[in-house]
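The values are calculated or read from the model by the stated rules, or taken from the named source; none is laboratory data. Just so it is clear, the model here is predicted, and its values are computed rather than measured.
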């Protein structure tokens, strides 16, 4: 990948972060168009599937995000609180239904092995 491509990806990434920081409506596809991507690439969000994008994401401190999510989870805004709790539980695989599906899958595999 050329340095121009990496620079465009970094520009899109930083533009998206700035929109989030300033509470503006965020659209990665609009940012991509702004920095010279074609409409089809912007619609497909191709920049987000690159190694450069992943490296930029990995540089973000997860602890800050987790602290913010925990702060929202105990907030007075019930809708936001429920969404934060839901996200936290999904990330930690705490939903019993999902574990039941996995356990059920292993039981089926065990049954097949017995045949």
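Computed values, structure above
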quantity: Condition check for residue 94: within 17 Å of residue 20 (Cα to Cα) and outside the structural domain of residue 10 (by TED's automatic domain parsing); calculated: no
quantity: Helices (runs of 4 or more DSSP H) fully within the stretch 1-75 counting 3 or more residues that are over 29 Å from residue 86 (Cα atoms) and not assigned by TED's automatic domain parsing to the domain that holds residue 90; calculated: 3-21, 28-34, 39-44
